[in-house]
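What follows draws every value from the coordinates through simple rules; no lab data is involved. Quick caveat: nothing in here was measured; it's all calculated off a predicted structure. Neighbour counts are summed over all protein chains in view; Cβ atoms, including those assigned to glycine, are modelled from backbone coordinates with ideal geometry.
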Amino acid sequence: MPDWVMVLLVVTNVVTLVALYLATRRMLKLRRQKRRAFAFKSYPIRQVKLEEVDPCFAMTEHGPAPESTVAFIGGEGVVASLSDRETWVIAGLAKSAGKIFEFGTCSGKTAHVMALNAPDGAEIHTLTIHPDDLASLQFGASDDRLHRDVAADEAAFTTFYYEGHPTESKIHQIFSDSKAFDDAPLKGSVDLVFIDGAHTRSYVESDTTKAMSMLSGHGVVLWHDYKPDAPDVFNYLNDLARELPLVHIKDTDIVMYRRG
Ligand SMILES: C[S@@+](CC[C@H](N)C(=O)[O-])C[C@H]1O[C@@H](n2cnc3c(N)ncnc32)[C@H](O)[C@@H]1O
């Protein structure tokens, strides 16, 4: 091979390597900048208006469409209740859900409201830890201490809001630690999952893994308590939002994921 060809080859290779090095460095810098910008926003997950949550919340010239009408009970005096706007959101989504799963029953008011709005024949599975089984809670070593106590305090219920009401026929009450719960029989079948159980990192992570496995092809997952006051939930969802297109519903503490 003539010398000039050899030189040309060496020069071409060096130029290509330098170009690749510069492009990679630039790409890594941009990625770092994007991550830093995300971390510095006080609520980094993208906010959406109600009308972007579901077609039933479409806006008309007079306000929310009549399709957003729900059967509703306010949160007055209810332990760990959702806000009235959050109840409206979850009730609206329940209207098109054949199967619903709730992590964290508490008083059972939200399970009752979801059952009131879900179609005939719908099933609402709601899971809570029985107060006699608090010793079986499996907190992780770095789980938020305050919210370990909150989880135990809110597990005071053995009777529920819906009892004796027609909604009871739609509701399957499950008593279990959520980490011990076997989600396999519901795999791929649930249209709406509401995650509102223990608000500690290891639990919200485990509940989310189970939610994703139970979710149907067009299902929706909602997480409650996306706020700095629930730091394990807040930080976990901010991390998860780097992998999944999560949205934060405006004027609520709810984050939503829609599959499909
Ligand atoms: C914030 S409250 C739920 C409120 C309810 N979703 C509502 O909207 O009315 C949390 C519930 O999660 C339950 N819980 C906490 N840790 C749990 C665990 N490890 N497994 C199952 N349920 C748990 C508590 O007993 C309590 O009932």
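Please give me the summed charge of the neighbours of Leu50: other residues whose Cβ is under 12 Å from its Cβ, Lys and Arg +1, Asp and Glu -1. Mind showing how you got there, number by number?
Details: positive: Lys49, Arg85, Lys250; negative: Glu51, Glu52, Asp54, Glu86, Asp251.
Net local charge, Leu50 excluded: -2.
What is the local net charge at Asp196, summed over the other residues whose Cβ is closer than 14 Å to its Cβ (Lys, Arg +1; Asp, Glu -1)?
-4
Please rank Ser83, Ser206, fewest neighbouring Cβ atoms within 10 Å first, as an exposure proxy.
Values: Ser83 15, Ser206 21.
Ascending number of Cβ neighbours within 10 Å: Ser83, Ser206.
Rounded to the nearest 20 Debye, what is the dipole magnitude of the range 122-260 about its Cα centre when Lys and Arg each give +1 and Asp and Glu each give -1 at the C-beta? The partial results should precede the final answer.
Working: 12 positive and 24 negative charges, 115 e Å.
Charge dipole, the range 122-260, about its Cα centre: 560 debye, nearest 20.
Taking neighbour Cβ counts within 10 Å as the exposure measure, how do Ser142, Ser81, Ser42, Ser107 sort from fewest upward? Spell out each step's value before the answer.
Numbers: Ser142 10, Ser81 17, Ser42 5, Ser107 20.
Least to most surrounded, the residues fall as Ser42, Ser142, Ser81, Ser107.
Among Ser83, Cys56, Ile174, whose Cα lies farthest out toward the positive end of the dipole of the chain, if unit charges sit on the beta carbon of Lys, Arg (+1) and Asp, Glu (-1)?
The one lying farthest along the dipole's positive direction is Cys56.
Summing -39500 (n - 2.57) over the DSSP H runs of n ≥ 4 in the chain and dividing by its residue number, what mean residue ellipticity at 222 nm do you reach, to the nearest 500 deg cm²/dmol?
-11500 deg cm²/dmol
Which of Trp88, Trp4, Trp223 has the fewest other C-beta atoms within 10 Å, and how do the rest follow up to the most? Don't skip to the answer; put the middle values down first.
Details: Trp88 20, Trp4 8, Trp223 28.
Least to most surrounded, the residues fall as Trp4, Trp88, Trp223.
Using only alpha carbon pairs under 8 Å that are at least six residues apart, calculate the relative contact order of the chain and give it in whole percent. Provide the component values of the computation, followed by the final result.
Working: 415 pairs, mean separation 47.0, N = 260.
RCO, the chain: 18 percent.
With 24 Å as the limit, write out which pairs from Lys95/Lys170; Lys95/Lys227; Lys41/Lys179; Lys187/Lys227; Lys95/Lys250 have Cα-Cα distances beyond it, or answer none.
Working: Lys95/Lys170 13 Å; Lys95/Lys227 27 Å; Lys41/Lys179 32 Å; Lys187/Lys227 29 Å; Lys95/Lys250 20 Å.
Among Lys95/Lys170; Lys95/Lys227; Lys41/Lys179; Lys187/Lys227; Lys95/Lys250, the Cα-Cα distance tops 24 Å for Lys95/Lys227; Lys41/Lys179; Lys187/Lys227.
If you place +1 on the Cβ of every Lys and Arg and -1 on the Cβ of every Asp and Glu, how big does the dipole about the Cα centre of the chain come out, in debye to the nearest 20? Walk me through the numbers on the way to the answer.
Working: 27 positive and 35 negative charges, 368 e Å.
Taking the Cα centre of the chain as origin, the dipole is about 1760 debye.
In nm, give the distance between the simple-model label positions of Phe157 and Ser176, each being 7 Å from the Cα along the Cα-to-Cβ direction.
1.9 nm
Setting aside same-chain residues fewer than 8 positions from Lys49, which aspartates and glutamates have a Cα under 20 Å from its Cα?
Qualifying aspartates and glutamates at Cα under 20 Å: Glu61, Glu67, Asp84, Glu86, Asp225, Asp251, Asp253.
Could you tell me which of rounded, prolate or oblate describes the range 100-222, using a ≥ b ≥ c as the square roots of the eigenvalues of the alpha-carbon gyration tensor, with rounded for a/c under 1.5 and, failing that, prolate when a/b is larger than b/c and oblate otherwise?
Details: a/c = 2.14, a/b = 1.28, b/c = 1.67.
Taking the square roots of the gyration eigenvalues as a ≥ b ≥ c, the range 100-222 is oblate.
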